[in-house]
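The values are calculated or read from the model by the stated rules, or taken from the named source; none is laboratory data. Remember, it's a predicted structure, so these values are computed and weren't measured experimentally. Glycine gets a Cβ as well: all are built from the backbone with ideal geometry, and neighbour counts include every protein chain shown. What goes into the accessible areas is simple: the full protein's heavy atoms, side chains included, and nothing from ligands, DNA or RNA. Shrake-Rupley method; radii C 1.70, N 1.55, O 1.52, S 1.80 Å.
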Amino acid sequence: MWPSGMALRVAVIGSGPAGVYATEALTRQGGVAVDVFDALPCPFGLVRYGVAPDHPKIRSITGSLHAVLDHPDVRFLGNVQAGVDLTLEDLHRHYDAVLVANGAAEDRRLGIPGEDLAGSFSATDLVAWYNGHPDAPIDQFTLRARTVIVVGMGNVAIDVARMLARPAADLRRTDLPAHVLRVFERSEVQDVHVVARRGPAQAKFTTKELRELGDLTDVDVLVDAQDLALDEAAQAMASRHPSVRRNLDVLHDWAQRTPHGRSRRLHLHFWLRPVRALGKDRVSGVEWERMRVDDMADAEPTGNLIRQDAQMLVRAIGYHGKALPGLPFDETTGTIPNAAGRVLRDGIPSHGEYVAGWIKRGPTGVIGTNRRDANETVAALLADAAELPPAPVRDPDAILELLARRGVRAVSWSGWNAIDLAETDLGRTHDRPRARISDRAVMLRASQGTNPDLGEGRSDNPDLLRPQEV
Ligand code: NAP
């Protein structure tokens, strides 16, 4: 039985929206102490490293996530990788419950010949790079490609296509790391082709994101009206779902427009399945097979092959979760098996182990979806609380001592705030709202507010910042 008067101690793994919303629900009524771990030195997960830099409004959700972590019953412990720096066993020794919300960090693969040629990338890598993710190689992208093909028609594909087509002058207003901004300024991209294997009624993007493509400066959006012809299944979807109708209206509008002869073009194609990436050492194009709708309203191949030249290929076909050593994992869905957030071990709910977010339900939904999802998980956890065996180690400092003994430099909440300040200072010196620090070692140094290098003018200190940062 849970001893009364003792705070429940919960470890939350991951400080993206799911982890933070779970923390908010856990701390709402008091009596729960939460340690939030993140593998990165900074919090907010995909809000920081997934949301496109030219979407400041979505990014501003960081403010409310910050407020949750800035709570007296919450400790942030960044730069700690669960499963590596701390095993599941360690977590169970120090916490009464473990709630995993570490997202879906892996990308899905097309499984076509040529996918691994130079010039072929995952959107996960491209997004990580332009967002200054510390694990992204800084020189991975050069954007020396006139034509880019983006496979997939979800919001990530739209984000990537918009970023590639957007004039660099617009990007100066964002918090892009300086080395990334420089690459965008020298970008040779003229044509971006976004390609779906099914029809416009089945596209996964949301209307707001789609419409935004039409607002880009000096960019023509091109759609072939023939791709928009609706079969019976698509007509039924359009009549059932207003969002599908709205998407079709936007696409029809573009299909009817005469191109303005602008500097860059964004082409949206439907009904094309990638067969293989062309090229010997580097991507030189993609071979597609045209698809059509079968009797079951699924796309079926027609045998009709076409080729498209391109110097860069980006697959934006969804994310996939990663196993956490010690917990069960479903390789097919990329999720941890669970019932309403309770981890299932051999089909039986494991009290004391919970999941929230993409690792619970798969990589779907917008940021707000994670609040409902996390609330469901926390309701299960709190319902179980009375039956949870208390963790044997109850001293909150013990976990910090364990990490220190293992040589892990955990970044505290104040450490993150120091990094945050260093980034805004760095931006100011370059006349921008913020410039991200993308080097983990530099982030760790910036996290130590006592570092004399963090005084005035620190952002120009060559020792503190890589030359590429400025
Ligand atoms: P997604 O919405 O699942 O879209 C994946 C796309 O890839 C679909 O068009 C899918 O086509 C296609 N695809 C999958 N496998 C393929 C294959 N083998 N060959 C060709 N195409 C393939 O995934 P996402 O774009 O990664 O987005 C993940 C989640 O994050 C979504 O819920 C999204 O809304 C959200 N998100 C939101 C925003 C925003 O709100 N601004 C921004 C980014 C992401 P089929 O439909 O035919 O399978």
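Quick notes on this structure:
- The alpha-carbon positions of the chain define a convex hull whose volume is 157 Å³ per residue.
- The chain - mean residue ellipticity at 222 nm from DSSP helices (-39,500 (n - 2.57) per run, n ≥ 4, rounded to 500): -9000 deg cm²/dmol
- Highest mean first, the peptides 242-255, 11-24 sorted by other C-beta atoms within 10 Å per residue fall in the order 11-24, 242-255.
- Chain lengthening between ASP309 and ARG282 when straightened (0.36 nm per residue, less Cα-Cα): 8.5 nm
- Rounded to the nearest Hz, the phi-derived 3J(HN,Hα) couplings of segment 199-205 under the Karplus curve 6.51 cos²θ - 1.76 cosθ + 1.60 (θ = phi - 60°) are x, x, 6, 9, 4, 8, 5, where x marks glycine and proline.
- Segment 5-87 - Rg over Rh from alpha carbon coordinates, Kirkwood radius: 1.00
- Reach of LYS322 by Cα under 18 Å, taken over lysines that are not fewer than 8 positions away in the same chain: LYS360
- Straightening the chain between ALA67 and GLU401 buys 117.6 nm, computed as 0.36 nm per residue apart minus the Cα-Cα spacing.
- Normalising the Debye intensity of segment 367-458 to I(0), with uniform scatterers on Cα atoms only, and taking log10 at q = 0.11, 0.12, 0.20 Å⁻¹ returns -0.58, -0.66, -0.97.
- Order by protection proxy (mean Cβ within 10 Å, highest first), peptides 216-226, 37-47: 37-47, 216-226
- For segment 171-176, backbone phi angles converted through the Karplus equation (6.51, -1.76, 1.60; θ = phi - 60°) give residue-by-residue couplings of 6, 4, 7, 9, 9, 3 Hz, Gly and Pro being listed as x.
- Counting protein heavy atoms only, segment 41-100 has 57 percent of its accessible area on carbon and sulfur, 1.4 angstrom probe.
- Under 5 Å, built H, 5+ apart or other chain: amide partners of LEU77: VAL36, PHE37, ASP38
- Between segment 235-293 and segment 127-154, the alpha-carbon center distance in angstrom: 20 Å
- In a reduced charge model with +1 at each Lys and Arg Cβ and -1 at each Asp and Glu Cβ, the chain shows a dipole moment near 740 debye about its Cα centre.
- Per-residue HN-Hα couplings for segment 70-78 [Karplus 6.51, -1.76, 1.60; θ = phi - 60°; Hz; x = Gly/Pro]: 8, 10, x, 8, 10, 10, 9, 10, x
- Take the Cα of ASP170, go 7 Å toward its beta carbon, and the backbone nitrogen atoms of segment 216-240 under 17 Å from that spot belong to 216-223.
- Residues with amide H under 5 Å from that of VAL275, placed H, sequence gap 5 or more: GLU287, TRP288, GLU289
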